[in-house]
Amino acid sequence: MGLWLDASLLTGESLPVAVDRPGQLIRAGSLVASGRGLAEVVAVGESTELGRLGCSLASITPPATRLQRHTRRLTARLTGVALGLCATLAVLQGSLSGDWSRALLAALALALAVLPNEIPVVLARWPAAVESLGSATVLAVDKTGTLTENRMAVQQLMLWPAGALWQVGQPLGETWHRLLELALLASRHDPVDAMEQAIARLAQAELHHSEHLHPDWPLLREYPLTPDLLVVSQLWRDDDGRWQIAAKGAPEAIARLCHLPPDRADALAEAAAGLASQGLRVLAVASGLDGAPRHPDRTAPGPQPPEAVHDYLFEPIGLVGLADPLRPDVPAAIARAREAGMRVVMITGDAPETARAIADQAGLPVDPLSVFARVLPQQKLAIVQTLQAAGEVVAMTGDGVNDAPALRAADIGVAMGQRGTAVAREAADLVLLNDDFGSLVEAIALGRRIDDNLHRALGYTLAIHLPIAAVSLLPRPVPGL
C-alpha cells in the first residue's frame, strides 16, 4: 500500500505521484519512489506511453539548419546563373568561331569557376549544428534537470504553531534540531524516496555531531501511507527502552492524525499554503506524545505496538518545505541570453505553482508565452513546431524520454550528458557533458562566432572565384579574324 511513482522521465513532473485508487493507470517507464503495490499489465509495446513516444520520434524528420537552408538557396541561384552564363558563352563563342568543342570547354570552365565546390566542405554536419545554435532566436528549456539540479533539497523549516522560519543558507540552530530529528525518524534509514534523501542529507550535514541522530535505535513498526491517510509513521525504541514515534505527511493528513480542532487545522493549512505558494513541496511533521511504558530491560518482550496509527496520540511540530533547487548559474545565464536578444521559454510538466516559483528565481517573465506548465510530451513537440512556424529558430534542451520528440524536431536539440537519458542524447544534435546551463549559453555565444566565421568563409570562397569567372569571360582572338 501507499505506492508513489516517479514519472519524471515521461511527464517531466519532478515530484512523485500517488497511486491511491484501484484501477489507476500506471505508465510503463515509471519508477517506484516508495511503497508497494500490485499492478496488472494492460498494454505493451507501441500501446504504452514509451511506445507512443518511440513512434512519434521515428516519424519526425529533423529540419535543416538555417545556414543549410540559406546555402541551398544560394547554390540554386548560382546554379541558375552559371547555366545561363554557360549557355550564353557556348552559343556566342561557338557561333563566332565555329569551334563548338572549344566553346563547350570554355562554358565548362566558366561553370567550375562560378560554382564553388568548397561549400559542402565548409558546411560539414556538426559545424552546421553549432552554427544553428548560434543563430537560435528562441531557447526552449526543460525545467527539471536543466534549470534545476533534479535533486530534492530541504529549502525551509517552520516550527508550528510558533511560526519561526529557517531558510537554506542560514545556520541551523538548536531550535530546529527537534523538528529535523522527527522528520528523520519518520523516514527510512536507507531512504530511496527523493524527499527522504533530502531530509537525510540535511540531517547528516547539520546533526552529525548531535545526539539527535539515532543509528542504533531499533525500528519496532512502520505505519505506511494509506489512501485515506497520506502519512508515514515509524515507531522506534530509544536507548532507555521507551517508544518514540514520529510521523510526516501531507499537512491536512497530519491535522487529522493529531485530531486538531477546525481552527487549528485551518491555521496549519494556511501555514503550509504559504510555503507551497513558493513552489515548495510541503510535509508536516508530528511527534507521538510521551506515555509509552518504560522497559529498562531492552531484551524484555514488553507490550506489542498497536495495529492502527490512530491508537497513538500525536501533536504537530512543524513543516518541512522541499524543492528541486535552481542551478546557481541559471539567473546570470538567462540574463545574458536575454541581453543578447534571445527569448527564453520554460516548458515543464510540473505544476503551475512550481513553474512560477522557478521562473521567478531564474529571472524569467511569468507570462503565457514564456512559461508553460503541465505540458505533455506531444504538447512540447507542438510548442516547438508552432515557434518554428512563426519563423523562430528554436534551440530545445531536455534530458528525459518525454523530451525526445521535441529535441528531434527543434532546429538544434541539446541533451544533458550526465543526467540525460540515452533516448534524449540520441535524439539531440549536441550533448552538454557537464549539464551546466551556463555552458549552454557559452555554446550559443561560440555558435554565433562560428556563424560569423562560416559566413566569412562562404564570402571568401565566392570572392576568390569571381576573378576566375571574369578571366574565363575575357574575349579571346578568333582564328581567321
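The values are calculated or read from the model by the stated rules, or taken from the named source; none is laboratory data. Every value quoted in this text rests on a predicted model; they were computed, and no experiment measured them. Here Cβ is always computed from backbone atoms with ideal geometry, including for glycine, and neighbour counts include all displayed protein chains.
Taking residues in the range 201-225 that are under 27 Å from Leu172 (Cβ atoms), and partners anywhere that are loosely packed, with under 12 Cβ neighbours inside 10 Å and among the polar types (S, T, N, Q), the pairs with Cβ atoms closer than 8 Å and at least 6 places apart or on different chains are Leu213/Gln204.
Being over 30 Å from Ala267 (Cβ atoms) and at pLDDT below 80 is a property that holds for Leu133. Scanning the range 208-228 for residues that are outside any strand (DSSP E or B) and surrounded by 21 or more Cβ atoms within 10 Å (Cβ to Cβ) turns up at least one hit.
Applying the set (1) among the hydrophobic types (A, V, I, L, M, F, W, C); (2) surrounded by fewer than 23 Cβ atoms within 10 Å (Cβ to Cβ); (3) closer than 30 Å to Arg221 by Cβ; (4) at pLDDT 85 or above to Leu326 leaves exactly one unmet item: (3). Select from the range 236-249 the residues that are in contact with a helix residue (DSSP H, G or I) (Cβ under 9 Å, 6 or more places away or on another chain) and crowded, with 20+ Cβ neighbours inside 10 Å and list them in ascending order. Across the range 236-249, the qualifying residues are Gln244, Ile245, Ala246, Ala247, Lys248, Gly249.
Across the range 435-448, the qualifying residues are those that are within 14 Å of the chain's Cα centre (by Cα) and on the phi < 0 side of the Ramachandran plot, and the one among them that is surrounded by the most Cβ atoms within 10 Å (Cβ to Cβ) is Phe437.
Scan the range 338-347 and tell me whether some residue there is in contact with a helix residue (DSSP H, G or I) (Cβ under 9 Å, 6 or more places away or on another chain) and either acidic (Asp, Glu) or in the same structural domain as Ala7 (by TED's automatic domain parsing) (or both).
Checked against the condition, which is being in contact with a helix residue (DSSP H, G or I) (Cβ under 9 Å, 6 or more places away or on another chain) and either acidic (Asp, Glu) or in the same structural domain as Ala7 (by TED's automatic domain parsing) (or both), the range 338-347 yields no hits at all.
Tell me, yes or no, whether the range 392-406 has at least one residue that is out of contact with any Leu (no Cβ under 8 Å at 6 or more places or on another chain), in a loop (DSSP other than H, G, I, E, B) and under 28 Å from Gly29 (Cβ atoms). Yes - at least one qualifying residue is present in the range 392-406. A residue that is in the same structural domain as Leu283 (by TED's automatic domain parsing) and on the phi > 0 side of the Ramachandran plot cannot be found anywhere in the range 210-222. Which of the residues that make up the range 340-363 are more than 13 Å from the chain's Cα centre (by Cα), at pLDDT 90 or above and aliphatic (A, V, I, L, M)? Across the range 340-363, the qualifying residues are Val344, Ala359, Ala362.
Looking at the range 370-421 only, could you name the residues that are over 16 Å from Met346 (Cα atoms) and either touching a Cys at 6+ places or on another chain (Cβ under 8 Å) or charged (D, E, K, R) (or both)? Residues satisfying the conditions are Arg408, Asp411, Arg419.
Of all residues in the range 342-378, those being of a type in the set (Gly, Ala, Ser), touching a residue at least 24 places away in the same chain (Cβ under 8 Å) and over 19 Å from Ala7 (Cα atoms) number 4.
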